Every structure is written in structure tokens, then in C-alpha cells.
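Data first, discussion second: the structure below is written as C-alpha cells.
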Amino acid sequence: MMILGLVRWMQPVHGYDVRRELLSWGADKWANVQPGSIYHALRKLAEEGLLRTVATEQVGARPARTTYEVTPKGDEEFETLLRAQWWQLHEVPDPFAAAFSFLPAMPREEAAAALRNRANLLRAGVEWMRASLDSDWARNSRPVHVAWMFELWLARAEAEMAWCGRIADRIDSGVSYLPAGLAGADVWPGWTDGGSPSDRKSNNQS
């Protein structure tokens, strides 16, 4: 959708300009658009009839540049994809969620430290976003809705930072990972409740 939408906005446009614009948006970080795949995606969209080739130019020894524009079929596809993203909720897979589901496999001290480190990494991102919002780049050279998107990312990052701190404190307090009704029960043989490596060794020997 990102590539199709940009061609629609900028047409007629070279693939190089589409790539440069996407990278200026940082789309490789938040939209899963990889720079190396952009030219391939443009060719594939053209093969599917969503884009058409306007011209191919070559200046000197430089690589040939192909200019694209959107077809009526491409317009319809973009509108469909756009509204699917606006009106539906899509859960993004998060590798951290998979790791956190195995919290009891981590020593408590390490888990708490890792969560606080995660908060620090998020904090660095928040500081960068705030600086970007206050810069001339955001105020004078970007549409207003770009700043609104940064506000969404800020809100999410700040919420996760606060969550990391709360959970790290709970882990440090020694609270059991099991509800009272299951405390002491033989739930899974590998369950450690976040003990240290020496605790696990001792439990396995007893």
C-alpha cells in the first residue's frame, strides 16, 4: 500500500524518487518496507496491472530509470487497502511478547534489569521523537499529520515505559507468577517461578 500510494501521490515518478521519499519517512522502520525491495515491488505492481510504465530513461552511464504511474485498477486497489487499514484493527506480532510469556525461565534479577533496560531504550526513542517534533523538519517541511503520527508513537512508547517500570518492581518484590490457587502445584515440570540458576539447580536436585 505504501508504494502504491506514493506513486499515486507523486506520479509520474521514478523508482529512485519513491525509494528516497519512503526512506525520508523512515518507512523501513515502521512500515516493513525494505529499501532493497522497492524496485522489485514496483515491477511486480506493474506486472499485476496496478502500475504502468510511462518511460524508461538512461542518462550517460547511470542505471536506467523507469517512470511509473497508477492505473485505474491500481487506484481501486489502493482505495481498498487504505480503508482496510483505517477501519480494521491489526495486531502486530511482537517478539518481545513471545519472550515475556516465558518470564519464569528468567532469573528475577535479570528479568527486572532487562525490563528497565527496555524502558531506557524506549526513552531514547521518545527523546528523539520529541526533538523531531520540535525541529524545523517537522514544523516546516512535513504535513501536519506526520506530527500526529509521532504523537501516537510517543503515547505508545511512554505507556510501555511505565509498564516496564511497574512490572520490574513487581518482579523485584518476589511476587509469585502463579495465582494463589496454583501456588505450589505441579503445573509444569520446567516451571521455576523466576529463580536464579542456583535455585533451579537446587530444585532439580531435590
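Results, tabulated for the structure shown:
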quantity	calculated
Subset of region 137-154 [farther than 16 Å from Glu21 by Cβ, of a type outside the set (A, V, I, L, M, F, W, C) and either at pLDDT below 85 or touching a Cys at 6+ places or on another chain (Cβ under 8 Å) (or both)]	Arg139, Asn140
Which listed residue is among the basic types (Lys, Arg) and closer than 19 Å to Val7 by Cβ, from Arg65, Arg118, Arg123, Arg139	Arg65
Residues satisfying the stated conditions in region 155-178, i.e. among the aliphatic types (A, V, I, L, M), open to solvent by less than 40 Å² (accessible area, probe 1.4 Å) and part of a helix (DSSP H, G or I)	Ala157, Met161, Ile167, Ala168, Ile171
Selected residue [outside any loop (DSSP other than H, G, I, E, B), among the small types (Gly, Ala, Ser) and either surrounded by fewer than 16 Cβ atoms within 10 Å (Cβ to Cβ) or at pLDDT below 85 (or both)] from Ala112, Ala98	Ala98
Extreme residue, farthest from Arg43 (Cα to Cα), among residues of region 80-95 that are outside any loop (DSSP other than H, G, I, E, B) and open to solvent by 60 Å² or more (accessible area, probe 1.4 Å)	Pro95
So Trp128, is it open to solvent by 80 Å² or more (accessible area, probe 1.4 Å), in a helix (DSSP H, G or I), among the hydrophobic types (A, V, I, L, M, F, W, C) and under 20 Å from Met1 (Cα atoms)	no
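The values are calculated or read from the model by the stated rules, or taken from the named source; none is laboratory data. Model, not experiment: these values are computed from the prediction. Note that each Cβ is placed from the backbone with ideal geometry, even for glycine, and that neighbours are counted across all protein chains shown. For accessibility, only protein heavy atoms count, side chains too; no ligands or nucleic acids. Shrake-Rupley method; radii C 1.70, N 1.55, O 1.52, S 1.80 Å.
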